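Let me begin by presenting the structure, written as C-alpha cells, before commenting on it.
Just so you know, all these numbers are worked out from the coordinates, no wet-lab data involved. All values derive from a computational prediction rather than experimental measurement. Positions of Cβ are backbone-derived with ideal geometry, glycine not excepted, and every protein chain shown enters the neighbour counts.
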Amino acid sequence: MLLLGLTQANPVQAQEGLTSSSSHTVSLGVSPITVMSISGDPIPFMIERQSDDQGGAISESSTFYNVTTNVKNVYLTAELDFPMPEGTELWIAGESVLGNSHGLTRMNSNGRKVRLATGLKRGLENGRALEYRFTYDDTVTDIPFQSRSILFSLVHGPSKQSYQITRTVYFGVSTSDQDAGSSSGSKR
C-alpha cells in the first residue's frame, strides 16, 4: 500500500513547474427593505347636516399601518387620485415612533404627494394609527355618496425604492331642514 502511495505522488512531482490555484470573490449585500401593510379602509364619512350648519369636521382612526425597514431615511407619503369636491377637504395623519409624524396634513387636490411621516429609522412599527378627517364648509349642501383613492407610499429616500398600497375613502353630505336640536344626524 505504501508503494502505491509513492507511485501516485510521483506524477505530481514530475509537473513541478505547474501550479494549480483558484481565486473566488464573494460579495454579500443586503438590499433595502421597505414594506408596509394597512389594516383596511376608513369608515365612510356620511354627514347629515342641518340647513343652518356652519360647516364642520368628522374624524376617524379605525385603520392602522405596519412598517418594516432595515434602512434609514424612509418616509411615508399619501396622494389623492382626484380632487375633493368644492368646500370639502380631506386630512390624513400617520403616527410614527421611528420618525417624525407631520400630524394632520391636508391632501392636495392637485395630485401631489404629501409627506405624513419622515426620517423613519430601521425597525418595526406595528399598529400605528392613520387618522382621517373630512371637513366641509357652509357652502356645502349635498354631495352624493362617492369615493377617492389614496395611494400610500413608503419610500427609501436614497434608493427611491418604494412600497405602495391603495386605500379608498367614502364620503357624502346631505342637508336636512329640521331644527338642529331635533336631529340625530351622523356627525361625529
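The modelled label-to-label distance between residue 100 and residue 141, using points 7 Å beyond Cα along the C-beta direction, is 4.5 nm. Once each part is reduced to its C-alpha centroid, what is the distance from segment 79-139 to segment 26-76 in angstrom? Each part reduced to its Cα centre gives a spacing of 7 Å.
Net charge in the neighbourhood of residue 74 (other residues with Cβ under 13 Å of its Cβ; Lys, Arg +1, Asp, Glu -1) is +4.
Of the three principal axes defined by the Cα atoms of segment 31-174, the extents in descending order read 56, 27, 21 Å.
Computed extension length for residue 30-residue 122: 31.8 nm, one decimal, from 0.36 nm per residue of separation with the Cα-Cα distance subtracted.
Listing 156, 24 from fewest to most neighbouring C-beta atoms within 10 Å gives 24, 156.
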